[in-house]
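Worksheet: one structure, shown below.
The values are calculated or read from the model by the stated rules, or taken from the named source; none is laboratory data. Just so you know, these numbers come straight off a predicted model, no measurement behind them. Here the Cβ positions follow ideal geometry from the backbone for every residue, glycine too, while neighbour counts run over all protein chains shown. SASA here: full protein model, heavy atoms, side chains in, ligands and nucleic acids out. Shrake-Rupley method; radii C 1.70, N 1.55, O 1.52, S 1.80 Å.
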Amino acid sequence: MSTPPWAQQQPYPQAPEPPKKKSKVKGCAGAGCLGIVAVVVLGGLISVAGGGKSGSASAAHGPAAAPSHSHHDAKSAAPQSGAHKKKPQTVTYEVTGTSGADIQYGPAGSNAQGKVPMSVTKPLRNPQYYAITAQLQGGGHVTCRLKVNGKVISRSTASGGYNIASCEISKDVFSGKWKDTNAG
């Protein structure tokens, strides 16, 4: 029995496979490499966040199967460290008035010494408390100021005898803002 011509299997012509691109991961350098790494890492994170189910080719097969991106796309996928850096926050200790006052200043746990007039600016670090004390020696007047990023948070003045001008600030745990501890 012969098979009718319409039922005979004829091979369909197949399109040639596209040429395989070489992986840029091996020996890559610069922002292009970072972009590929970022795509692979993000794909893995998405896969983990989705309950371990892999929906992306890059997470299932590694960097060789990562979707091809132009150099521009890979660069935009990389984190931009340094493009939007904030200015470091500062604390400024200022004392003006009669010379000869004994000055101690600094963050919690320190007691640096200074002389009138004094203006010292330092990076604002992790301490939750900063202070200045300026004690007069027999007479005169003295004023202290504590500033955060140039804004006066605490100010105090003392006059005569051995009086003390004291400025103290602390960080509010709820709002994260600096407040004058003397005004408490």
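Among the residues of segment 161-172 satisfying the criterion of being over 19 Å from residue 102 (Cβ atoms) and touching a residue at least 24 places away in the same chain (Cβ under 8 Å), which is most open to solvent (accessible area, probe 1.4 Å)? Walk me through it before giving the result.
As a first pass, look at segment 161-172 and keep what is over 19 Å from residue 102 (Cβ atoms): 169-172.
Okay, now just the ones that are also touching a residue at least 24 places away in the same chain (Cβ under 8 Å), so 169-171.
Values: 169: 0, 170: 23, 171: 73 Å².
In this case the residue turns out to be 171.
For (1) buried (at least 17 other Cβ atoms within 10 Å of the Cβ); (2) under 16 Å from residue 166 (Cα atoms); (3) charged (D, E, K, R), each residue gets a yes or a no:
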position: 101; (1), (2), (3): yes, yes, no
position: 106; (1), (2), (3): yes, yes, no
position: 113; (1), (2), (3): no, yes, no
position: 118; (1), (2), (3): yes, yes, no
position: 122; (1), (2), (3): no, no, yes
position: 128; (1), (2), (3): no, no, no
position: 142; (1), (2), (3): yes, yes, no
What residue, of 148, 116, is touching a residue at least 24 places away in the same chain (Cβ under 8 Å) and over 12 Å from residue 91 (Cβ atoms)? 116
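What number of residues in segment 144-160 are open to solvent by 30 Å² or more (accessible area, probe 1.4 Å) and over 27 Å from the mean Cα position of the chain (by Cα)?
At the first step, the residues of segment 144-160 found to be open to solvent by 30 Å² or more (accessible area, probe 1.4 Å) are 145, 147, 149-153, 155, 157, 159.
Among the residues that remain, those that are also over 27 Å from the mean Cα position of the chain (by Cα) are: 145, 155, 157, 159.
Qualifying residue count, segment 144-160: 4.
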